[in-house]
Each structure stands twice: as structure tokens, then as C-alpha cells.
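Take a look at the structure below.
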Amino acid sequence: MVINKKRMIEKIFLLAVALVFSLSSASAVASFQVTSFSCSPSEVVINNAFSCTAQIKNVGDASGSVSTATLYPDSNNWLENSNYPQASGASVGAGQTAEITFTGLRATKSGNNGFSKIMLDTVTSNYV
């Protein structure tokens with residue numbers, strides 16, 4: 001059997017290019033992080049609805065989306081619910097940001113209260 005060296009080198013080169021392409025594609029992932037958080041109004045009145053907005057940045061190297069963001073109050077349990085899920089689903093490109101607004105929040109206790117975390121799908125961000 002005669003091996004054509006030129007043909008063999010071409011095949012090896014094409015395999016190497018395909019391997020490099022597949023490895024670079026496989027390592028590209030979206031990664032989200034909360035970069036800012038604010039509520040409106042800034043001073044909450046018991047039983048009055050208010051909203052909070054989180055800026056979510058894709059710090060990864062591929063587009064992706066957050067299906068659900070969930071906001072949790074701190075341990076004082078000062079809100080009417082123990083968590084506030086908000087559907088998102090918008091595609092966010094690498095380096096881009098998106099806003100997620102949590103609406104219908106109601107305080108049941110006064111005091112200096114806050115939030116403990118925001119879950120982005122199943123990943124926790126402790127920015128708040």
C-alpha cells in the first residue's frame with residue numbers, strides 16, 4: 001500500500017483545524033453576574049407596592065440567557081413573600097447587560113431591611 005504523503009498531511013491538517021474549532025466552541029460559555037441593584041421608591045412604606053431592578057451582565061464569552069431570576073429578602077423576613085421569581089429569557093450577548101425588574105414587592109415590617117441574594121437560574125449572586 002502506497003501512502004500519499006501530501007494527502008496524509010492534508011487530512012491531518014483538516015483534523016487539527018476541526019479539533020481546534022470544536023475545542024474553542026466548547027469552551028465558549030455565557031456567565032452572568034449582577035452589576036447593580038436599586039429599588040423604587042428608595043424608602044419603602046408598609047403594604048405599599050414597590051419594585052427593584054437588577055442589572056445583569058454576561059461576563060462570559062458567548063451569548064446566553066437567564067430563564068428565571070429570583071430575589072430573596074434578608075433574614076428579617078420583612079417582605080410578604082419569601083422569594084420573588086421573575087421570568088426573563090432574553091438572550092444577552094457576551095459583554096452585554098440586561099435589566100430584570102422585580103415588581104409587586106410589599107413590606108410587612110418596618111426597619112432597616114435588605115435582600116440576601118438573587119438567584120440567576122440555579123446560580124447565586126450575593127451582590128445585593
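The values are calculated or read from the model by the stated rules, or taken from the named source; none is laboratory data. Just so it is clear, the model here is predicted, and its values are computed rather than measured. Cβ coordinates were reconstructed from backbone atoms using ideal geometry, including for glycine residues, and neighbour counts include every protein chain displayed. Ligands, DNA and RNA are excluded from the accessible area calculation, which covers all protein heavy atoms including side chains. Shrake-Rupley method; radii C 1.70, N 1.55, O 1.52, S 1.80 Å.
How much length would be gained if the chain were fully extended between Asp61 and Ala87, taking 0.36 nm per residue of separation minus their Cα-Cα distance, in nm to one decimal?
Taking Asp61 through Ala87 to full extension adds about 7.1 nm, to one decimal.
Show me, for region 40-53, the HN-Hα J-couplings you get by feeding each phi into the Karplus relation (A = 6.51, B = -1.76, C = 1.60, θ = phi - 60°), rounded to Hz, glycine and proline as x.
Listing the rounded values in order: 9, x, 6, 10, 9, 9, 3, 6, 9, 5, 9, 9, 10, 10 Hz.
For Asp121, tell me the accessible area in Å² from a 1.4 Å probe, rounded to the nearest 10.
70
Taking amide hydrogens as modeled 1.01 Å from N in the peptide plane, which residues meet the under 5 Å criterion relative to Gln86, leaving out close sequence neighbours?
Ala69, Thr70, Leu71
7 Å from Cα along Cα→Cβ at both Ser75 and Thr122: what's the point-to-point distance in nm?
Here the answer is 2.7 nm between the modelled labels.
Express in nm, to one decimal, how much length is gained between Thr35 and Gln96 on full extension, taking 0.36 nm for each residue of separation and deducting their alpha carbon distance.
Result: 20.8 nm gained on full extension.
With Cβ to Cβ distances under 13 Å as the rule, what net charge do the other residues near Ala30 carry (K, R +1; D, E -1)?
Neighbourhood net charge equals -1.
For region 24-128, taking Cα atoms only, what is the radius of gyration to one decimal and the Dmax to the nearest whole Å?
14.8, 52
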